[in-house]
Ligand SMILES: Cc1cc2nc3c(=O)[nH]c(=O)nc-3n(C[C@H](O)[C@H](O)[C@H](O)COP(=O)(O)OP(=O)(O)OC[C@H]3O[C@@H](n4cnc5c(N)ncnc54)[C@H](O)[C@@H]3O)c2cc1C
C-alpha cells in the first residue's frame, strides 16, 4: 500500500509539505532495524510516510485523518526501540522530533514538563543547574525524557529517583480516536503538578508498568517528578571523546562495585542498602557491563572483562552514594562499610579510585555508557526483561534463565559475556527488577535460538508462577500469558477497543482489540 | 429487583439485613448529601461471595454501594444516590494474608482491616504504615487507599497511589481481577511459593487499573483486598515542631526538608487544626486555637538499623542549619504539647469519638491539591469565604500535607461546626459548596471530589469525563456500581 | 572502499540517535545539544548519521535507488564528522566513511551535483574548486617577497618547506590576505618558505568529498609528483581542508607522499613556543574559537586496516582495528596561539573541539545548497554570540568565508549574527606582530 494522493495532500495540509515524506530514502532510514532484540530480518516493514508534527493540534489532526482514511499510525520519540517499527503496511510514522521543548521546571514542587523529543541528557543537565535531577531511563541519556516513552522507565537512579510509571504527573494524551485528554490538574487547571483525577486516574489507562508501545495514541507532553541533586550545577570534564573524566569529582560522591560469592550475599547486600536508604543509584551490573562502561572500545572491553572477572567473586551490584552534606555523606559511607563487612562483599578495586572512579560516577549519573554496555559488542542486544515485584521472586526467576543463557553460550549462539543476570533495586529496595541480557549477531540460527530462549523463559514464568515479564510484545505473547494471568488481555483489549475504536494506533507491539 | 432471598443465597442468611435501623445508618452520613435509604445491607463474609453478588446485581439491575469502613462516614460516597441500592459492607473482610518484613509489605489485606488492626499486625514484623493523619478508628486501610487519602510521610510517598500494592477487584461485570503483580500467573499461594508478594501495584502490562479503582468511590469495582507497602519501624526518632506566623517561611522549610529527605512524618497546620487535634475538651481547644503560634511545621527524623545516632545527629544538624537559614528553629514542644506525644497521636488511629467530631459534633472538610506557590492565595480565598458566610474563623482549621515527595500539597480546610445547630449546618453546607468556584479559580485542584461538589468539579474537564466514561463502560457496563457518584 | 564494503559497519548501527547529539556526557543543558547540522535543518531521520546508515543499507540491498531525492539527502550533509565522533563515544564502527562512499556511488549512478560537475571538470588542469573567483590566482602573493618553489628548486629552498595556499586563497581577497599574512609571519620567524607560484593546484580533496574519487585521485597523484619534483619535505597550509586532505585523504587514497604536513597554526605555535615569534602588540578582544572540522576531529592520521572479525559475535578483529574517533585532532595549537596574543581572551563555545558544530561550508554544501550552509553558519554564529565574544576566530578560509557570508547569501549576511566579527587566527596573530618580531 502507498498513500493515495488525497491522503498525502491531507497529511501535508496539516504539517506542511516539508514535514512529510513518502520517499524510499526517508522510509528506509527508519526501516533499518533497531539493534534492540534484532532478529534475522534486517529491514522492518516500511512506514507509508514519515510525518513530523510540531504540536498537539497537528498530532490530533493527523490522528483524525488516520481515523478517516483507515491508516494506522505509530508515534516515536527518539525512535530507538524496535517497538517503534510498524508490523506491516498501512502505517504512517509520527516522528515527534519537532516537539522538543522543556515547558517548565518547577523547582518548588519538583517536577519538569517536557515534550517527547527532549532527551534525558538535556533535561538532566538543565535540572542540575537548578539543584535537581531526574531518573534517567537506563537505556541512556539519548532517550526521551517523557515518562511515557521509555518502555519501563527504570534507570540507574531509580533507587532514589523513582521509576517511569510512578514518576508521571499530569500529561497530555491524544487518544487514538483523536481526542485530546489532559490528565489531572492539567485538565482542570492547566497546571502540571498532579496527573490523577478528578476522580479515578486515567494514568492507569494510558500505561501500566510498561507503556503501550505506541498502541494507544500519542503522548504529547508530560510532567515528570524530579528530585534533589546533591552535586554542583555542572561538572567540568577533561579529555576528548571517548575519554572524558571530571576535572574534579563533586564532593560527597562515591562509587563502588560490590560482589558476593553467591546470590544470597547479593540479596542481603541489596536489601540492606535499600533499608538504610544510603544509595543515590543502584544498578545490577555484572563484570562485563562494568568493563564495557569503562572501556572505550571492544578490545579494551575484552581485556577489562577478563581483568574485572578475576576480582569479582560472584553476583554483584554497582552503586553510587551521594551526600547532601558532608555529614550525610560520612554517615552513608560508614553504613556502606558496615554492609560490606556484614555481608562479606568484595569491592572491585579497579573502579574504587582515581580517574576511573570519577569518570564512572559521571557516566553513571548521566547514563551515557548504556550504549557501550548493551550495543557496542555486537550491535544487537536482547534477552529477557522480567517484571517488578519482590526481590525474592525476581531473584528466583533469573536463576532459571541464567542456566538457559549458559546453554546458549555453550552453543556459541550469543556473546559469551561471562556474566550474572542483572537485578536492581527501585525506590530504596521497595521494588526489584531483573533482566537477563544477551548479545548476538542476528543470523537465522541465532535468531531462532534467541526466540526459543525467550519462549522458554516465558514458559518458565508461567509454570513457576514468577510473574509477567515486561517485554511482552504483540498478541501472541500476550495471549500466551493472558489465560494464566487473570485474563488481563481481556481488559487490555477492552481498553484498546474503547479508546481506539477504529484500531488505528499501530499495535504490533501492544495488543490488538481482536479477542 | 433483587430479593432478599436471592441475596441470602449468595452471602448467607445472617448477612442480609433490611432492618430499618441498619438501613438508616447508611442512608446518610456526616456530609450534606441527600438522605436515601438503601434497600438492603449485605455483609460480605468472604471475598468469594463478591463475584456472585455482582452477577446477581447485574442480572437484576440492582445498584451496589461498596463500603469498607465503619461509621462515621464523611464524604457522602457511601450514601446511595440511586433508589433500591444495596450496601455491600466489606468491613468483615479482616484477613491479612502475609506480612513480609524483608519485602516490606502486607500482602492481601482484607477490605475491612482497619488501621489499628493492620498497624498491630505489621508492627510484629518491625514494620509500620504510611497512614493518613490520625485516622478514625473504624477507617479501613483499603478504603483509605481507594480514596487516595494523603499520608503523613511524604518522604515515602513516591506516588499518589502509595502505599497501595496489588489489589483484588470484582468489576461490575462480575469478573474477578487482580491488579499489579498479583495478576499472576498462578494463584496467590503459587505466587508466594515462587517468592511473589503481590507488592507491585502497577500493571499487569500496559495498564494500571488500581489507579482507576482509587478515586473511583466504588464506581469502578468492588475491591476485596489490597496489598500495602510498609516502612521499617525506626530504631531512633527525633520529632520536633517549628512554629511561625510566617507560613511562607514554613513552606520553604517544608520544601527543603522533603527535598533533602530530612524527616519521615512531616506536615503543617494552623493553630485551629492543631488545637482540634490535641485538645481533649473545649476549653483547651479555645485556648490553643487562640494562643498557639499561627502555623506549625511538624517533622520527625528517623533512623534505622545502622548507626542510628550518627544519622539522627547528622540529619538534625543539617535540618538545624536549614532552618536557621530561614530564621526558624525546631523545638521539642509547642504550647505545652510535646513533639513525642503529638507524634504518637498523629500516627495512631483516633479513639472514639473521632477527633474531628469531638469538640463541635460536626466537621466539614474542603480539600484539594495545589502547589506551594498558590497556597497562601487559596487560604485567603477560604478565609474570606468563611468570613463572608458569617462562620467563625476560629473554627476553620487548616492542614497542609506535602504529598508525592513534595510535588504538590494537600490542603484541608476543616470547618468544625455544631451539627445539632441547623442554622450553622446550613451555613457550612452552603459555604462548602460556594467556595469551590473561587478555590478553583485560585488554583485548587480537586483531585478527589465528593458529594455535592463533585459534578461541579468534574464538569470543568469534559475530555477527562468522556475518557473516564469509556473506562466505566468497560468495567461496569450496566452502571450498577454506586451510580450517581462523580460523573457516573 | 565501495559502499558495500562498509556493510558490516553500517549494520552495527543500533539506531540510538547518539549521532544527533554532542557526546552525551558533554551535554550541559537544553540548548546546543545537537551536533548534526543536517538533521537539525532537515529533521528527517534520513539526514542523520544513523538514518544514513539505514537507507545506505537500503542502497546496498537495492531497496533504495539513486534518485535525485536520494542525492539530495546524501549531499545535504557537511561531512563534518560530528556524527562519527558522537557515535564512537560508545560504538565501534565508522559512520563517516560510508558517507563518502555513498557520494561516490551517487556520482557513479549519475546523481552528482551539476554545479560540482562543472567545478570538477577543471580539476584535471588543477583549477581551483571555487565558484566565481574574485581575484587572479597570483594576486595573493603579488606583493610578497616570497620564494617561488619552482624557480629556486629544492636545493635553493633550504628549509624545503612549501606553503600551500589553497583554492580560496588563490581566488578570494579575504583568504588571499590571510595567506599573505601567514607567509609574512613565517618569514618573520626567519623561515624561508616557498610557494609554488605558477603551479599550485587544487589538492582535490573537495572533489573526493563530492564523490569524484577518480578525479581526486588523479589530482592527488599529480600533486605528489609535483612536490617530489620540487623536493619538498614539509608542507604547511592555512587551509584546514587542504591540511586534512594531504595528511589524511592522500594516504587513504593510497597516495603516499612522505611529506610532513602541518597546518599553519601548528607551525606558528611551534615558532612561538621556540621564541622565534613573539606576539607583543595587544589585541584587546574577547574571542571564541571555532574548530574547523578538518583541522579538528577529522585530522587524525589515516589508519589503514583490513581484517576479519575474530569472534562470532563480538566486533573485534584480526588484526585489531583502531578507529579514528576525533580524539587527537589539532585542538590545542590554535588555542595556545590565541592565548599567546596579549589582550586576547578566549572563551569557549558550548560545542567545541571534537564535537564542534560545523561552520556550514563543509561537504560542498555552500555550493550545492547555500541556504543550508547559511543555516549551519547562523547556528554557529549564534552560539559564538552566546559566549559574549566580540569575535569568532577560526583557522580555515572556508570557515571564515562561510561565517562571514553565511552560504554566500546576502540576506543571511545581513542578519543578527553578522554583529560578531570573524577572523582567521593568522590575521590576529599578524596584528599582534605588526611593529616588530
Ligand atoms: C539498549 C537499550 C537499553 C534499554 N534499557 C532500558 C532500561 O534500562 N530501562 C528502561 O526502562 N528501558 C530500557 N530500554 C527500553 C527503552 O525504554 C526504550 O528503548 C527507550 O526509552 C527508547 O527511546 P525513547 O524513549 O526515545 O522512545 P522511542 O524508542 O521513541 O519509543 C519507545 C516506544 O514508545 C512509543 N512512543 C514513544 N514516544 C511516544 C509518544 N510520545 N506517544 C506515544 N507513544 C510513544 C513508541 O511507539 C515505541 O513503541 C532499553 C532499550 C535499549 C535499546
### Query
Is segment A:189-310 rounded, prolate or oblate when judged by the Cα gyration tensor, a ≥ b ≥ c being the square roots of its eigenvalues, rounded requiring a/c under 1.5 and prolate requiring a/b larger than b/c?
prolate
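Within a 10 angstrom radius of the beta carbon, how do A:432, A:305 rank from fewest other beta carbons to most?
A:305, A:432
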### Task
Using only atoms on other chains, find how many Cβ atoms lie within 10 Å of each Cβ of peptide A:152-163 and report the average.
1
### GNM top mover of C:211, C:275, C:231 - chain C, alpha-carbon springs below 10 Å
C:275
#### Entry: Translational diffusion coefficient (Stokes-Einstein; Kirkwood radius from C-alpha pairs) of chain A at 20 °C, 1.002 mPa s, in µm²/s
91 µm²/s
### Query
For chain C, what does the alpha-carbon gyration tensor say about shape, rounded, prolate or oblate, given a ≥ b ≥ c as the root eigenvalues, a/c under 1.5 as rounded, and a/b over b/c as prolate?
prolate
### Query
Under the rule of -39500 (n - 2.57) per DSSP H run of 4 or more residues, summed and divided by the residues of chain A, what mean residue ellipticity at 222 nm is obtained, to the nearest 500 deg cm²/dmol?
-11000 deg cm²/dmol
### Task
Starting from the Cα gyration tensor of segment A:248-372, take the square roots of the eigenvalues, sort them a ≥ b ≥ c, and report rounded, prolate or oblate (rounded when a/c is under 1.5, otherwise prolate if a/b is larger than b/c, else oblate).
oblate
### Query
How far is the Cα center of segment C:29-82 from the Cα center of segment A:377-430, in Å?
36 Å
### Query
What number, in percent, do you get for the relative contact order of segment B:4-89 if the mean sequence gap of Cα pairs under 8 Å and at least 6 apart is divided by its residue count?
37 percent
### Query
Based on the mean of other beta carbon atoms within 10 Å per residue, what is the order of B:245-251, A:325-331, C:233-239, most packed first?
C:233-239, A:325-331, B:245-251
### Query
To the nearest µm²/s, what D does Stokes-Einstein give for segment A:102-228 at 10 °C and 1.306 mPa s, using the Kirkwood radius over alpha carbon pairs as Rh?
112 µm²/s
### Query
What is the packing order of peptides B:205-214, A:381-390, taking the mean over residues of other C-beta atoms within 10 Å and listing the highest first?
B:205-214, A:381-390
### Task
Give me the distance between the Cα centres of segment B:405-422 and segment C:217-248, rounded to whole Å.
84 Å
### Task
Within 10 Å of each residue's Cβ, count the other Cβ atoms and sort A:192, A:473, A:491 from fewest upward.
A:473, A:491, A:192
### Query
Computed on alpha carbon atoms, what radius of gyration and Dmax characterise segment B:4-89, expressed in Å?
12.2, 35
### Task
Could you work out the mean count of beta carbons from other protein chains within 10 Å of each residue's beta carbon in C:36-47?
5
### Relative contact order for chain C, counting Cα pairs under 8 Å that sit 6 or more residues apart, in percent
17 percent
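In peptide B:305-312, what is the residue-averaged number of other protein chain Cβ atoms found within 10 Å of each Cβ?
Per residue, the average neighbour count from other chains is 5.
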### Task
Report, in whole Å, the centroid distance computed from the Cα atoms of segment C:344-381 and segment B:364-388.
54 Å
### Summary
Output ordering of B:430-436, A:208-214, B:355-361 (per-residue mean of other Cβ within 10 Å, highest first) is A:208-214, B:355-361, B:430-436
## Note on the structure
Computed on Cα atoms only, the convex hull of the protein assembly as shown has an orientation-averaged projected area in nm² of 52.6 nm²
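So what's the back-of-envelope 222 nm ellipticity for chain B, counting only DSSP H runs of four-plus at -39500 (n - 2.57) apiece and dividing by all residues, rounded to 500?
Value at 222 nm, helices only: -10000 deg cm²/dmol.
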### Query
Mean separation of Cα pairs under 8 Å and 6+ residues apart, divided by the residue count of segment B:96-232: what relative contact order is that in percent?
33 percent
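FYI, it's all coordinate maths here, none of it is from the lab. Because the structure is a prediction, the values reported are computed rather than measured. All Cβ positions, even for glycine, are placed from backbone atoms using ideal geometry, and neighbour counts span all protein chains on display.
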